[in-house]
C-alpha cells in the first residue's frame, strides 16, 4: 500500500503501514455508530455491539417524516453518564475508562490520534473489551 504525504509527515514509512481502516469506513460499514447527540462529550462513538445491547427500537416515524426508525436511547445515555463520571473524576486505567455497567465490562478509549490528524475525529469510543 502506498501512503501519502500526511502519513509520511506522521513518521510512517512505506514498510510501516500494512492496512488503514478509517473512522469513516467503520461508521459506513456499521462497525462504529456515531452517538454524539446521545452521549456526553467527549464520547462520540460506540461499537455496533454496544449500541445494539443498550438501545431498543420502539417503532418508526411516519412515511411522511421519512420512515426512520425510532430508538429508545435511555439506557445508552445512562451508560454514557456512568463512563463520563469516571472520566471527569480522572479514574482512568492506562488512559482508558474501565467499568462495569449492568453486568457488562465496558471500555472507553480516546479515538486514534493517527486518524485524527488525517481526518479529524475528536472524542472517545465506548466498547466491550471483545470489540477491541
Notebook entry, point to check: Which one is nearest to the chain's Cα centre (by Cα) among residues in the stretch 92-108 that are within 19 Å of residue 40 (Cα to Cα) and modelled with pLDDT under 90?
Noted result: 96
Item checked: Only listed residue being closer than 14 Å to residue 108 by Cα and part of a helix (DSSP H, G or I), chosen from 83, 46, 27 -> 83
Margin query: Can you confirm whether residue 50 is within 25 Å of residue 23 (Cα to Cα), in contact with a helix residue (DSSP H, G or I) (Cβ under 8 Å, 6 or more places away or on another chain) and without any contact (Cβ under 8 Å) to a residue 40 or more places away in the chain?
Written below: no
Next item on the list: Could you pull out the residue among 53, 114 that is under 16 Å from residue 128 (Cα atoms) and either surrounded by 14 or more Cβ atoms within 10 Å (Cβ to Cβ) or modelled with pLDDT under 85 (or both)?
Entry: 53
Next item on the list: Note down all Cβ pairs under 8 Å where the first residue falls in the stretch 62-73 and is without any contact (Cβ under 8 Å) to a residue 40 or more places away in the chain and at positive phi, the second is in a strand (DSSP E or B) and surrounded by 11 or more Cβ atoms within 10 Å (Cβ to Cβ), and they're at least six residues apart or on different chains.
Entry: 67/60
Check: Does any residue of the stretch 50-58 turn out to be in a strand (DSSP E or B) and within 11 Å of residue 124 (Cβ to Cβ)?
Finding: no
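The values are calculated or read from the model by the stated rules, or taken from the named source; none is laboratory data. Because the structure is predicted, anything quoted here is derived from the model rather than measured. Backbone-built Cβ (ideal geometry, glycine too); neighbour counts: all protein chains shown.
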